[in-house]
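I have placed the structure first, in the form of structure tokens, so that the comments after it can refer back to it.
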Amino acid sequence: TETGLTEGKKCSVCGEITVAQEEIPALGHDFVNGECSRCDETLTSKFEDVPAGAFYFDPVEWAVEKGITTGATATTFNPNGNCQRAQVVTFLWRAAGSPEPTSTENPFKDVKESDFYYKAVLWAVEKGITNGLTADTFGPFALCNRAQVVTFLWRAMGSPASTADVAFTDVQPGQFYSTAVAWAVEKGITNGISATEFGVGGTCNRAQVVTFLYRTYNK
């Protein structure tokens, strides 16, 4: 006499018929910006000013892991800190793998070999990503606006053409940033600050710059 169930068979003890069950493996977590889309679990950044759910959570973690930037301190990233030209070209240079510039000629009196951004500036000028503010000054501490940052990115990617139709009132055809803005919007790197404005003159902060880089390079 059967004392247990055999799959697909009738039990001689109780008369129950077993039904084959399909085992479904656990899906696991699906974290986006530190929040799981499948449960309530969240991740914790080592930076107390980078909360789970912030649009820059994943970009900050990526940028730090890749050595593109570090925190302002051991426990803070300073996401709202404004980015200077030296910082932006250095972030770009590191995202590109910190390549050695082929030329050591430095035309800028405000860029010294001992500066952390020295090679980044030479590389950026060599690649046509940016120039100096004048023939002999780079302006490393000048703040970068949204138009400049997306243009630097666009040039770093080879100045690709874009067929995107953008309708921002502050982006007129023929400006140095016109195609860069269209490309950035088309590729999902950034949008406007509103439905009608890109915010070309708005200063870019650290959170925004690493997010633009993340959306460009983390493919």
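The values are calculated or read from the model by the stated rules, or taken from the named source; none is laboratory data. All values reported here derive from a predicted model rather than from experimental measurement. Heads up, the Cβs are rebuilt from the backbone with ideal geometry, glycines too, and the neighbour counts pull from every protein chain shown. Ligands, DNA and RNA are excluded from the accessible area calculation, which covers all protein heavy atoms including side chains. Shrake-Rupley method; radii C 1.70, N 1.55, O 1.52, S 1.80 Å.
Counting only helical runs of four or more DSSP H residues, what would the 222 nm mean residue ellipticity of the chain come to if each run contributes -39,500 (n - 2.57) and the total is spread over all its residues? Working shown, then result.
On the way: 6 runs with 61 residues, N = 219.
That comes out to -8000 deg cm²/dmol.
I'm spelling it out carefully: the read-out is P(r) over Cα pairs in 5 Å bins from 0, in percent, the candidates are (i) 1, 6, 12, 14, 15, 13, 10, 6, 3, 2, 2, 2, 3, 3, 3, 2, 1, 1, 0, 0; (ii) 1, 8, 14, 18, 18, 15, 10, 7, 5, 3, 1, 0, 0, 0, 0; (iii) 1, 7, 15, 19, 21, 18, 11, 5, 2, 0, 0, and one was derived from this structure. Which label?
Only one listed value fits the structure, namely (i).
Using a probe of 1.4 angstrom, how much of the accessible area of region 75-196 is carbon and sulfur, in percent? It would help to have the intermediate numbers written out before the result.
On the way: 3000 of 6040 Å².
Here carbon and sulfur together make up 50 percent of the probe-accessible area.
Starting with the highest mean, order 196-206, 85-95 by the number of other Cβ atoms within 10 Å, averaged over the residues of each peptide.
Most protected by this proxy first, the peptides run 85-95, 196-206.
Within region 54-158, list the GluC sites (Glu not before Pro) lying in a DSSP loop whose Cβ has at most 12 other Cβ atoms in a 10 Å radius.
Details: sites: 61, 65, 105, 113, 126; in loops: 105, 113.
Those satisfying the criteria are 105, 113.
By how many degrees, between 0 and 90 and to the nearest 10, does the Cα long axis of helix 85-95 differ from the longest principal axis of the chain?
40
Return a single number: how many Lys pairs in the chain, at a sequence separation of 8 or more or on separate chains, have alpha-carbon atoms below 26 angstrom apart.
Going through the chain pair by pair, I get 15.
With springs only between Cα atoms under 10 Å, which of 96, 182, 120 fluctuates most in a Gaussian network model of the chain?
In the Gaussian network model the winner is 96.
May I ask you to give the solvent-accessible area per residue for the chain, in square angstrom, as obtained with a 1.4 angstrom probe? Present the calculation step by step, with values, prior to reporting the outcome.
Working: 12290 Å² over 219 residues.
Value for the chain: 56 Å² per residue.
Give me the tail of P(r) for region 105-219 as a percent: Cα-Cα pairs with distance above 19 Å. Working shown, then result.
On the way: 3139 of 6555 pairs.
Percentage above 19 Å: 48.
Which is farthest toward the positive dipole end of the chain among 172, 125, 57, measuring Cα position about the Cα centre, with Cβ charges +1 (Lys, Arg) and -1 (Asp, Glu)?
Among 172, 125, 57, the one farthest towards the positive end of the dipole of the chain is 125.
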